[in-house]
Amino acid sequence: MASTANQIYDRMSHDPQPSKVWTARDFADTGTRSAVDVALHRLRSDNRIRRIDQGLYDLARTNQLTKKISPPDYKSVIQAVARRDGAKVLVDGITAANNLGLTNAVPAKVVVWTDARVKPIQLDQMVIDFKKVAPSRLLWADRPAAQLVQALIWLRDVLPSDGDKIAKRLKSILNDGDDGHRMRKDLQDHLGDLPDWLVPIVKDILKSDATAPDPLPPIRGQ
């Protein structure tokens, strides 16, 4: 039988998501917690894996253009923190809007709302700042439409002028495959969880028929 270290490395190197960030919990089936911790320490000492932060690991990748080691994927880091700490996480509005192609504004740091106390994590030139908030602000955490809702709340001030463009982009996203279907259903099933002012806007977006996605340029820049 393969050693715990070899099982861990084999799982990491064969995962379909090369940029995935891992925690000890992801390897609970390979051995005891102490055995997993020892194996991760050994793999790190042998430079086979990279330690990003306490209890967070990935396989370092080389950028084919720059030939330099790429920083960890921040989205995967956030997901791993949630698994490591058993926490709810929800990215802030500007990050969500950027991820959805609704803005070309690039946040100086990624702010993540959470119900846990988590120290900031530095990833090369990017900082992930975890902000503990009230449970009421995490209502959409870990749900398919979470980023769409966060983005719309952040874009509230420009909806009167750019509402049609934003709606067109979001309708395109909701009509895009399985992910779009899950987001659409999440919104349909939880309209009551939205701020009152946002309900009619989302209802209008949900009226769209399933069509091919239509990529649009960013709506808002800063």
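Arrange 94, 8 by Cβ neighbour counts within 10 Å, fewest through most, would you?
Details: 94 22, 8 26.
Going from least to most buried by this count: 94, 8.
Taking a ≥ b ≥ c as the square roots of the eigenvalues of the Cα gyration tensor of the chain, is the shape rounded (a/c under 1.5), prolate (a/b larger than b/c) or oblate? Prolate. Estimated from helices alone, the mean residue ellipticity of the chain at 222 nm is -12000 deg cm²/dmol (sum of -39500 (n - 2.57) over DSSP H runs with n ≥ 4, per residue).
Which FRET efficiency, nearest 0.05, do residue 42 and residue 131 yield, Cβ-Cβ r, R0 35 Å?
Working: r = 35 Å, r/R0 = 1.00.
Efficiency, from the Cβ-Cβ distance: 0.50.
Remark: the chain carries a charge dipole of roughly 600 debye about the Cα centre, counting +1 on each Lys and Arg Cβ and -1 on each Asp and Glu Cβ.
Based on Cα contacts under 8 Å between residues 6+ apart, segment 37-154 shows a relative contact order of 22 percent. If both residues of a DSSP beta bridge must be in segment 78-219, then about 55% of such bridges are antiparallel.
Only the coordinates and a few stated rules stand behind these numbers; no lab work does. Treat the numbers as computed from the prediction; the structure is a model and nothing was measured. Here Cβ is always computed from backbone atoms with ideal geometry, including for glycine, and neighbour counts include all displayed protein chains.
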